[in-house]
Structures are given as structure tokens and as C-alpha cells.
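K.L.:
I'd like to ask you about the structure that follows.
The values are calculated or read from the model by the stated rules, or taken from the named source; none is laboratory data. Quantities reported herein were computed from a predicted structural model and do not represent experimental measurements. We place every Cβ from the backbone using ideal geometry, glycine too, and count neighbours over all the protein chains shown. The accessibility values were calculated without ligands, DNA or RNA, using every heavy atom of the protein model including side chains. Shrake-Rupley method; radii C 1.70, N 1.55, O 1.52, S 1.80 Å.
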Amino acid sequence: MTRKKVQTEEKLLTETELELMSILWKIGQGTVHEVMEHLPTGRNLAYTSVSTILRILEQKKFIESHKEGRGHIYSPIVLKQKYEEASLQNLLNKVFDGTPTTLVRRLLETADLSQEELNSIRSLLKERSK
């Protein structure tokens, strides 16, 4: 399976596309019905809506499909980590003027981080500065 690199702003997903993409990243692959089964309780998306969004994700080259029986099996092409990197870079550039320090400062000031999370961040920083 080919892994594509997410590089451009056009490759960012809508909220619903990201919701379905997150399900596929979690389950690995699935049919429209299987994706629907993993929607949060109370999240009512019609079969046709999920099917349409999956086809859009395929057109955007985030997923691929193969026919099985009467339906299709959808699988991620873009790795979650690659999408996280592209999304973070977009956020950094558009909201934080390309300044990582500002992003980290805002995270530390506003996020309710546990002591364990803070220790993990310290450890990552220490490791990075070696």
C-alpha cells in the first residue's frame, strides 16, 4: 500500500471527514456499515452520507477501496502521524505565525496537563536538546 504525504492546505479535512478518517485509522479498514458502527452514540449520519464522504476521502487520496461482494472495503493511505504533522504545521503557520514557542506557551498556559504529561514533555525536551 502506498503512503501519501500530506503537504498542502487543500489536503486538510473537514470536521466530518476527519471524524470518519479517525475511525478508519482506528479500525484499519472497513465497509460503510463498519465505519457507521464506530460512530459515537447519538451521531446520526445516514448510510448515503457516510458513503459519499468516504468517496470524497478516496478522491482526496486519503483512503483507497477495493470491491468485495456488493460493497467496498476502505483503507487509509495517509498515515495518521503524517496528517497530524500537516495539521500542526498548518496551525503553527496560520494561528501562531510560524512560532513554535508561542504554540507551546499557549498549550502550557491553557491545557489542563497532568503531572505525568508535564514530566513527559520535560523528558521529550531534554531528549531533543541532546
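K.L.:
Here are the criteria: (1) more than 12 Å from the chain's Cα centre (by Cα); (2) open to solvent by less than 40 Å² (accessible area, probe 1.4 Å); (3) farther than 30 Å from ARG122 by Cα. Tell me which single one PHE96 does not satisfy.
P.N.:
With (1) more than 12 Å from the chain's Cα centre (by Cα); (2) open to solvent by less than 40 Å² (accessible area, probe 1.4 Å); (3) farther than 30 Å from ARG122 by Cα applied to PHE96, the lone miss is (3).
K.L.:
Could you count how many residues in the range 114-130 are small (Gly, Ala, Ser) and loosely packed, with under 10 Cβ neighbours inside 10 Å?
P.N.:
Taking the range 114-130 and keeping what is small (Gly, Ala, Ser), we get 114, 120, 123, 129.
Now narrow it down to the ones that are loosely packed, with under 10 Cβ neighbours inside 10 Å: 114, 129.
The qualifying residues number 2.
K.L.:
Shifting gears a bit: Which residues, taken from the range 68-90, are of a type outside the set (A, V, I, L, M, F, W, C), modelled with pLDDT of 95 or more and not in a helix (DSSP H, G or I)?
P.N.:
Of everything in the range 68-90, those that are of a type outside the set (A, V, I, L, M, F, W, C), modelled with pLDDT of 95 or more and not in a helix (DSSP H, G or I) turn out to be HIS72, TYR74, SER75, PRO76.
K.L.:
Taking HIS38 as meeting all but one of (1) touching a Gly at 6+ places or on another chain (Cβ under 8 Å); (2) open to solvent by less than 70 Å² (accessible area, probe 1.4 Å), write down the number of the exception.
P.N.:
(2)
K.L.:
Ok, one more. If you check LYS130 against the conditions, is it under 29 Å from LEU13 (Cα atoms) and either at pLDDT below 95 or within 20 Å of the chain's Cα centre (by Cα) (or both)? Lay out the reasoning, then the answer.
P.N.:
Values: under 29 Å from LEU13 (Cα atoms): no; either at pLDDT below 95 or within 20 Å of the chain's Cα centre (by Cα) (or both): yes.
Considered against the rule, which asks whether it is under 29 Å from LEU13 (Cα atoms) and either at pLDDT below 95 or within 20 Å of the chain's Cα centre (by Cα) (or both), LYS130 comes out as no.
K.L.:
Let me ask something additional. Looking at the range 43-67, which of its residues are in a helix (DSSP H, G or I) and open to solvent by less than 50 Å² (accessible area, probe 1.4 Å)? Write out each step before concluding.
P.N.:
If we filter the range 43-67 for residues that are in a helix (DSSP H, G or I), which is where we start, we get 47-59.
Scanning the range 43-67 gives SER49, VAL50, SER51, ILE53, LEU54, LEU57.
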